[in-house]
Structure formats: structure tokens, C-alpha cells
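If you scroll down you'll find the structure; I have some questions about it.
The values are calculated or read from the model by the stated rules, or taken from the named source; none is laboratory data. Please read these numbers as outputs of a predicted model, since none were measured by experiment. Positions of Cβ are generated from backbone atoms using ideal geometry, with glycine treated the same way; all protein chains shown enter the neighbour counts. The area values use the complete protein model at the heavy-atom level, side chains included, leaving out ligands, DNA and RNA. Shrake-Rupley method; radii C 1.70, N 1.55, O 1.52, S 1.80 Å.
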Amino acid sequence: MIRIILAGLVVAFSVSLAKATDDDKTVFPASGVETGRLTIYSTTDLVAMKPLIEDFQKSSPGITINYIEYLTNELNSLASEACRKGEPLGDLLLSSSVDQLVKLANDGCATAHRSPETARVAEWANWRDEVFGFTYEPAVFVYNNRLVPANEVPRTHVELADLLRERLDYYRGRVGTYDIRLSGIGYLLAFNDARQTTTVFGRLLESMARAAAVARCCTGEIIEEVAKGNLYIGYNMLGSYAYEAALRHPELRIVVPRDYTLVLSRGALIPRAAKQAELGAQFLDFLLSERGQAIARSNAFYFTETGGLPPDVDGPQNMKESGIAQPIRIGPALLAVQDRAQRQQFIDDWSRSLIELNSPDWTRE
């Protein structure tokens with residue numbers, strides 16, 4: 001489903017220089033004589049990365065870029081297998097599931113990179129000079145303002161849980177969130193939700209189960225269903241994708257929750273066996289540079305650590321100064337997120353709470 005959505009978005013945004021060769025791979029040809037070919041494996045939508053790729057090629061006109069998209073768990077499986085076999089898998093990996101990148105780095109699958117640009121990265125977004133965060137993306141609520149009355153808009157996690165309890169019949173089957181069994185980013189956000197406050201997370205999970213919440217693989221799929229009115233509210237959506245969709249769908253509204261807001265930094269890693277590691281490092285430096293960050297803010301990811309919120313986003317004007325921002329630190333703590341036994345136990349508990357109990361037999365307490 002997500003690839004169908006992405007294909008439509010690519011056409012809508014008129015990728016003039018890119019030639020789509022199949023459902024997952026897009027080639028950005030060198031604008032001059034080709035001197036190198038960079039291959040990027042990524043979980044980031046093409047429409048978000050296109051402005052960055054094209055600007056990079058302005059200063060590096062001889063570089064052809066192969067951009068290959070996967071879902072988070074798919075990319076992680078491919079990268080892990082390639083590392084185990086000592087085989088190359090691209091020259092740069094980009095993933096929103098930074099816990100998976102940290103696990104890859106911990107398993108010896110990354111090449112360290114140091115430069116003036118990497119030195120600019122916030123301490124919480126750099127692990128061992130092997131995994132770097134290059135975006136600042138809050139997990140937000142998304143709702144359809146034609147279907148959610150103004151006096152019911154939730155602005156905290158507790159308010160969302162209470163709304164679903166109090167208006168169970170109205171919101172039954174109309175709230176969407178990630179299926180953490182399928183989505184690496186969904187699992188990462190849910191795991192960190194539980195770390196913030198087990199009581200609130202448990203209460204929200206129970207309310208979502210009673211309201212027969214819809215679990216889907218991907219941000220784009222959920223947001224598009226909210227825009228269509230098939231769903232009324234999307235929970236824990238990535239702010240960058242939500243804002244891009246709101247620019248296209250005026251009925252979409254975004255709330256930065258005021259009790260706490262998880263913040264993800266999309267990660268980058270140069271694989272150990274990369275054939276063109278120097279090109280991967282060159283593109284990584286561009287992503288981290290002032291120029292790359294400015295393009296990302298204005299064309300792709302929209303939110304920043306130190307600046308105000310984008311126009312029309314409901315929340316405190318500066319997340320960091322307000323104290324609500326809770327960045328997911330890129331570091332060894334994320335290894336616990338990827339511990340196999342702990343991961344399976346968390347997913348099993350989530351499934352019992354949200355999926356197995358997600359039944360029309362639920363009634364109001």
C-alpha cells in the first residue's frame with residue numbers, strides 16, 4: 001500500500017530528473033560526466049529526500065544517485081544479512097528506526113566517519129561517530145477537523161485516552177496507529193511511550209483497544225485515511241510526514257502533545273562493506289551541513305530543535321524551551337529496544353492489549 005501511495009506522490013511532485021526503474025528504486029542521473037555512483041538504501045519517502053538529493057548534485061554534478069526504498073524492518077533484515085555475509089548493501093543507510101541502526105553498528109556493521117560536519121551534531125544524536133541523526137521529528141496527533149469537534153481535540157496522551165472512553169461509540173474503529181509487529185518505527189515509539197510513564201501508556205492502550213483502534217504498517221497509510229475521513233485521528237505519526245500531508249489536505253490538523261512529545265532523529269549509517277564509502281560520507285556531510293539542514297527544514301522535515309513550530313501546528317512554539325520534547329537518544333540504551341527477548345515480550349503484550357482485546361464486544365465501563 002505504501003509503495004502505491006509513494007508512486008502517486010512522486011508523479012504529483014514531478015520528479016523531472018529522476019527515472020523510476022521499478023517500484024523501489026529511483027535513479028538520479030549525474031548532470032555532467034559521471035565520476036561516481038552513490039547507492040542509498042532508505043526508509044525515507046522519496047518526496048522528502050528529493051530536494052536534498054537534487055541540491056547535493058548541484059555541487060557534485062558528476063555523481064549519479066541510486067535511491068532504493070524499503071520499510072524499516074525489511075531494510076534492517078537486508079542490512080543484517082549483508083553484514084553477516086560481508087557483502088555490500090549500498091553506500092549509505094537512512095532509517096527512521098534508529099534503534100535498528102544502533103544494533104547494526106554494535107554488531108560491527110558500520111564505518112565510523114568524522115568531519116567538521118559530524119562535529120556539529122548534537123551529542124544525543126551521535127553514537128560512536130557511526131550512527132548520526134539528521135532530522136528532528138516529533139511524534140504527533142493528526143486529526144480530521146471536519147470529524148473531530150473543536151472541543152474534543154486531545155492535546156495530551158491522557159486527554160486522548162479519556163476521549164476514547166467517553167466517546168467510545170463515535171470513535172470506534174476511527175483511530176489509527178502503527179502495527180508494531182510490522183513497523184520498526186512504530187515499535188520504537190511505542191517502546192519509548194511505555195518508558196515515559198507505564199500508567200499513562202497502559203491507560204491509552206486500553207482505551208484504544210476498547211475503541212477498536214486500527215493498526216497499520218505506515219505513517220502515510222494512516223494519514224491518508226484520516227484525510228479521507230475513514231479514520232478521524234492518527235496517533236504517534238511522524239511530524240514531517242504529517243505536515244507535508246496537511247499542506248495537501250486542509251482538513252488535516254496536527255497537535256504536538258503538551259504532556260510530553262517523543263522526538264525522533266532519522267538516522268544515517270555508512271555500511272562497513274560499502275563500495276563507495278567516501279561518497280556515502282560526502283552525502284552524509286551534506287545532510288548534516290548548514291545548507292542541507294536549511295533545505296530539510298524548508299522542503300522536507302519542517303521541524304527543528306531550536307526553532308518554532310511550523311505554521312498552523314497546535315503546540316508550544318518552541319518544544320525544547322517548553323520542556324515537553326523528549327528526544328530518543330541515539331546510543332546504547334537503544335540496544336535494549338532491540339534485545340530479542342524483550343522485544344518479543346513487548347510486542348506480545350501490545351498485541352494482547354490492542355489486537356486480541358480489540359473486539360466489538362467491548363462496552364462502555
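Where in region 266-361 are there helices (runs of 4 or more DSSP H), lying fully within it, with 1 or more residues that are under 18 Å from residue 101 (Cα atoms), open to solvent by less than 10 Å² (accessible area, probe 1.4 Å) and at pLDDT 95 or above? Even if it seems obvious, please write down each step before you answer.
Details: elements: 277-288, 290-299, 319-322, 333-338, 340-350.
Because the criterion is at least 1 residues that are under 18 Å from residue 101 (Cα atoms), open to solvent by less than 10 Å² (accessible area, probe 1.4 Å) and at pLDDT 95 or above, the helices (runs of 4 or more DSSP H) in region 266-361 that meet it are 277-288.
Residue by residue, here is whether (1) modelled with pLDDT of 95 or more; (2) closer than 20 Å to residue 331 by Cα; (3) part of a helix (DSSP H, G or I) holds:
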site	(1), (2), (3)
41	yes, no, no
48	no, no, yes
79	yes, yes, yes
82	yes, no, yes
108	yes, yes, no
115	yes, yes, no
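Out of everything in region 141-153 that is under 22 Å from the mean Cα position of the chain (by Cα) and of a type outside the set (S, T, N, Q), what residue ends up being farthest from residue 201 (Cα to Cα)?
Taking region 141-153 and keeping what is under 22 Å from the mean Cα position of the chain (by Cα), we get 141-144.
Checking the rest, the ones that are also of a type outside the set (S, T, N, Q) come to 141-143.
On the way: 141: 15, 142: 18, 143: 20 Å.
Residue satisfying both the conditions and the ranking: 143.
Among the listed residues 193, 162, which satisfies the condition of being in contact (Cβ under 8 Å) with a residue 24 or more places away in the chain, surrounded by fewer than 23 Cβ atoms within 10 Å (Cβ to Cβ) and touching a strand residue (DSSP E or B) at 6+ places or on another chain (Cβ under 9 Å)? Walk me through it before giving the result.
Values: 162 fails: touching a strand residue (DSSP E or B) at 6+ places or on another chain (Cβ under 9 Å).
Exactly one of 193, 162 is in contact (Cβ under 8 Å) with a residue 24 or more places away in the chain, surrounded by fewer than 23 Cβ atoms within 10 Å (Cβ to Cβ) and touching a strand residue (DSSP E or B) at 6+ places or on another chain (Cβ under 9 Å), namely 193.
Follow-up. Only one of (1) free of Cβ contacts under 8 Å to residues at least 40 places away in the same chain; (2) out of contact with any Pro (no Cβ under 8 Å at 6 or more places or on another chain); (3) on the phi < 0 side of the Ramachandran plot is not met by residue 94, so which one is it?
(1)
Could we say that residue 165 is assigned to a helix (DSSP H, G or I), farther than 18 Å from residue 262 by Cβ, in contact with a Ser or Thr (Cβ under 9 Å, 6 or more places away or on another chain) and not aromatic (Phe, Trp, Tyr) here? Spell out how you get there, then give the answer.
Details: assigned to a helix (DSSP H, G or I): yes; farther than 18 Å from residue 262 by Cβ: yes; in contact with a Ser or Thr (Cβ under 9 Å, 6 or more places away or on another chain): yes; not aromatic (Phe, Trp, Tyr): yes.
In short, yes.
List pairs: first residue in region 309-336 and of a type in the set (Asp, Glu), second residue surrounded by fewer than 19 Cβ atoms within 10 Å (Cβ to Cβ) and at pLDDT 90 or above anywhere in the structure, Cβ distance under 9 angstrom, at least six positions apart or on different chains.
Pairs that qualify, where the first residue is of a type in the set (Asp, Glu) and the partner is surrounded by fewer than 19 Cβ atoms within 10 Å (Cβ to Cβ) and at pLDDT 90 or above, are 314/153; 314/155.
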